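J.: Quick one: the structure is below, and I'll ask about it shortly.
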Amino acid sequence: MERKYIRDVKSGENVLLKGWVYELRDLAKLKFFLLRDSSGIIQCVVKDKQLMEHFSELTLESVIEVKGKVKSADIKADFARKDAEVEVSEFEIISVAEKLPIHVNEKTTTTEFSNRLDYRFLDIRKPKVHAIFKIESTIMKAYREFMTKEGAMETVFPSIIGASSEGGTELFRLKYFEHNAYLSQSCQLYKQMLACAIEKVFTVFTVWRAEKHNTLRHLNESRQLDFEMAFADEFIAMDVLTRCVQHIIKKVLEDNKEELKILNVELKVPKSKSMTFKEVSELMKKHKIGIGKDDLTPESEKKLGELYPDTIVYVHDWPISGKPFYIMPKGEGLSHGFDAIYKGMEIVSGGQRVHIPEILEKQLKEKKLDVKDFKNYIDSFRFGAPPHAGWGMGLERITMLILGIENIREVVLFPRDRTRLTP
Ligand code: AMO
């Protein structure tokens, strides 16, 4: 008999199911268990006397095969199929689970987060946790889909770099034979060089930042959805970003109805709004909220989220002093850089880049970086370099904000923060 997935079984069928024991209920005359596979959970009823004798051999999370007949039912159990159950005719234990160190079926207790992370391979079996990662997977899939339709080429970049790409601080150093090297802070310089050669590029890229602060919105290892295009300024890049985020959210709404229900999330396709940094400063003054001279504060980002719900707020004409060396200056202390705020947090930084070597050299010196370290990068703009622009979106940020999750670590399977290197 061919194996069926729980999602696909229909009343009246004889089926073979494979999965994990999610819950056991041992009543005097009747025994039940809930079986879970990657597609769902179904109640299984054991009525047969001989089978009942073996019921006690089942342990939570053991892997079993079940044969039985599917019947219509009215099931109340959380996350389980409401319309059907299986009357078990045979079951076989394939792999016995030992006593669990954390609860997978958290009915009455909730496990502390750090304990959950220690046993993430069990934690991911929970329907709510599984739902988060299914949605994150849709986000990545939708991003690739959008960019491919947009005519961008997916590419990969090195993760070991010889010099900083975002500024001198926050680098993880490593020994690379007889050289000093670093873990990549971003693929910024590479995506620019490529866009100047082949126009539109994108990637899903892991970045490392040696930031010492422990916050709910920062990781030391995170993923960025990066995009770069030639013949563009920051406004063209923002337009691509709006359509990209809208596509991602439409896809989640279409493909993850069940997961959004499990997580109790209501989601809308966002609009967009643009403001200058100065306008945001004045707005925040009115609301008596502090804002830096060249950066937004978490409080001001939060306020923007409150004032403009379900909106991607672009803050442009950003002071050049608050942007990295590769952002094109605009004069009067301003730049072609922008940030995008969504649901009260920065999801994206981007802008038009410098494609003129002399300006780059000047800005590198102003940021106290060594021009020699950037020779190949600067030289790449000497042989026909178009104006270009792009952005980088934090994968974990967009996921946590879409799902209304407070701690960014919840949306990373194996997070790396200041204290955690395992599992
Ligand atoms: P930036 O450093 O602003 O820009 O990063 C881009 C986006 O990545 C996310 N992000 C992070 N997420 C979690 N933990 C962190 N420590 C962290 N740091 C950043 C945020 C942020 O908006 N090269 C530029 C992008 C560009 O201009 O194309 C860059 O890296 O969502």
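J.: So TYR190 clears everything in (1) more than 9 Å from the ligand (Cβ to nearest atom); (2) assigned to a strand (DSSP E or B); (3) aromatic (Phe, Trp, Tyr); (4) crowded, with 23+ Cβ neighbours inside 10 Å except one condition, right? Which one?
T.: (2)
J.: Looking at LEU260 and the list (1) of a type outside the set (Gly, Ala, Ser); (2) away from the ligand (no atom under 13 Å from the Cβ); (3) surrounded by fewer than 18 Cβ atoms within 10 Å (Cβ to Cβ); (4) over 15 Å from GLU154 (Cβ atoms), which single condition is not satisfied?
T.: Going through the list (1) of a type outside the set (Gly, Ala, Ser); (2) away from the ligand (no atom under 13 Å from the Cβ); (3) surrounded by fewer than 18 Cβ atoms within 10 Å (Cβ to Cβ); (4) over 15 Å from GLU154 (Cβ atoms), LEU260 breaks only (3).
J.: Related question: In this structure, is LYS175 within 28 Å of LYS141 (Cβ to Cβ), out of contact with any Phe, Trp or Tyr (no Cβ under 6 Å at 6 or more places or on another chain) and more than 13 Å from the ligand (Cβ to nearest atom)?
T.: Spelling it out, it is not the case that LYS175 is within 28 Å of LYS141 (Cβ to Cβ), out of contact with any Phe, Trp or Tyr (no Cβ under 6 Å at 6 or more places or on another chain) and more than 13 Å from the ligand (Cβ to nearest atom).
J.: Only residues in segment 223-239 that are over 25 Å from MET400 (Cα atoms) count as the first member; pair them with residues that are acidic (Asp, Glu), Cβ under 8 angstrom, at least 6 apart or cross-chain, and list the lot.
T.: Cβ pairs passing all conditions: MET229/GLU199; ALA230/GLU199; PHE231/GLU199.
J.: Could you say which residue among GLY344, GLY390, GLY384, GLY305 is under 20 Å from the mean Cα position of the chain (by Cα) and closer than 26 Å to GLY162 by Cβ?
T.: Residue meeting the stated conditions: GLY390.
J.: Sort through VAL252, VAL207, VAL240 and tell me the only one that's over 19 Å from SER164 (Cα atoms) and within 14 Å of the ligand (Cβ to nearest atom).
T.: Exactly one of VAL252, VAL207, VAL240 is over 19 Å from SER164 (Cα atoms) and within 14 Å of the ligand (Cβ to nearest atom), namely VAL240.
J.: Here's something else I'd like to know. Residues of segment 4-50 being without any contact (Cβ under 8 Å) to a residue 24 or more places away in the chain and either over 18 Å from ALA77 (Cα atoms) or touching a helix residue (DSSP H, G or I) at 6+ places or on another chain (Cβ under 6 Å) (or both), which ones?
T.: LYS4, ALA28, LYS29, LYS49, GLN50
J.: Still on this model: Regarding segment 212-221, can at least one residue be identified that is out of contact with any His (no Cβ under 7 Å at 6 or more places or on another chain), within 26 Å of VAL371 (Cβ to Cβ) and within 14 Å of the ligand (Cβ to nearest atom)?
T.: Looking for residues that are out of contact with any His (no Cβ under 7 Å at 6 or more places or on another chain), within 26 Å of VAL371 (Cβ to Cβ) and within 14 Å of the ligand (Cβ to nearest atom), one finds none in segment 212-221, hence no.
J.: Moving on to the next point. Residues to consider are LYS4, LYS31, LYS49; find the one that is over 37 Å from the mean Cα position of the chain (by Cα), surrounded by 14 or more Cβ atoms within 10 Å (Cβ to Cβ) and not β-branched (Val, Ile, Thr).
T.: Just a single option satisfies the conditions, and that option is LYS31.
J.: Consider GLY333 against the criteria (1) on the phi > 0 side of the Ramachandran plot; (2) in contact (Cβ under 8 Å) with a residue 24 or more places away in the chain: it satisfies all of them except one. Which criterion is unmet?
T.: Condition (2) is where GLY333 drops out.
J.: OK, next. Would you confirm, using the coordinates I've provided, whether GLU199 is surrounded by 21 or more Cβ atoms within 10 Å (Cβ to Cβ) and out of contact with any Leu (no Cβ under 7 Å at 6 or more places or on another chain)?
T.: Criteria not met by GLU199.
J.: Another question, if that's okay. Which members of segment 224-235 meet the condition of being out of contact with any Cys (no Cβ under 7 Å at 6 or more places or on another chain) and either within 16 Å of GLY384 (Cα to Cα) or crowded, with 21+ Cβ neighbours inside 10 Å (or both)?
T.: Of everything in segment 224-235, those that are out of contact with any Cys (no Cβ under 7 Å at 6 or more places or on another chain) and either within 16 Å of GLY384 (Cα to Cα) or crowded, with 21+ Cβ neighbours inside 10 Å (or both) turn out to be GLN224, LEU225, PHE227, GLU228, MET229, PHE231, ALA232, GLU234.
J.: When ARG409 is evaluated against the numbered criteria (1) within 11 Å of the ligand (Cβ to nearest atom); (2) within 16 Å of GLY167 (Cβ to Cβ), which criterion, by number, is the only one it fails?
T.: (2)
J.: Right, next: Can you tell me which residue is modelled with the lowest pLDDT among those in segment 353-402 that are of a type in the set (Val, Ile, Thr) and either within 14 Å of the ligand (Cβ to nearest atom) or out of contact with any Pro (no Cβ under 8 Å at 6 or more places or on another chain) (or both)?
T.: Restricting to residues being of a type in the set (Val, Ile, Thr) and either within 14 Å of the ligand (Cβ to nearest atom) or out of contact with any Pro (no Cβ under 8 Å at 6 or more places or on another chain) (or both), the top hit is VAL371.
J.: On to the next question. When you go through (1) more than 21 Å from the chain's Cα centre (by Cα); (2) part of a loop (DSSP other than H, G, I, E, B); (3) among the small types (Gly, Ala, Ser); (4) over 21 Å from PHE381 (Cβ atoms) one by one for ALA181, which number turns out not to apply?
T.: (2)
J.: Next question. In segment 407-421, what residues are in contact (Cβ under 8 Å) with a residue 40 or more places away in the chain and either part of a loop (DSSP other than H, G, I, E, B) or loosely packed, with under 15 Cβ neighbours inside 10 Å (or both)?
T.: ASN407, VAL412, LEU413, PHE414, PRO415, ARG416, ARG418, THR419
J.: Right, another one. Pairs needed: first member in segment 384-406, among the aromatic types (Phe, Trp, Tyr); second member anywhere, near the ligand (Cβ under 9 Å from one of its atoms); C-beta distance under 7 Å; at least 6 residues apart or different chains.
T.: What qualifies is TRP391/PHE227; TRP391/ALA237; TRP391/VAL348; TRP391/SER349; TRP391/GLY350.
J.: Give the residue that is farthest from ASP339 (Cα to Cα), with candidates limited to residues of segment 282-318 that are without any contact (Cβ under 8 Å) to a residue 40 or more places away in the chain and of a type in the set (Ser, Thr, Tyr).
T.: Among those residues, the one meeting the criterion is TYR308.
J.: Scan segment 331-352 residue by residue and report those that are closer than 12 Å to LEU241 by Cβ and within 8 Å of the ligand (Cβ to nearest atom).
T.: Hits for segment 331-352 are ASP339, ALA340, ILE347, VAL348, SER349, GLY350, GLY351.
The values are calculated or read from the model by the stated rules, or taken from the named source; none is laboratory data. Only a predicted model underlies this, so the values are computations on that prediction, with no experimental measurement involved. Backbone-built Cβ (ideal geometry, glycine too); neighbour counts: all protein chains shown.
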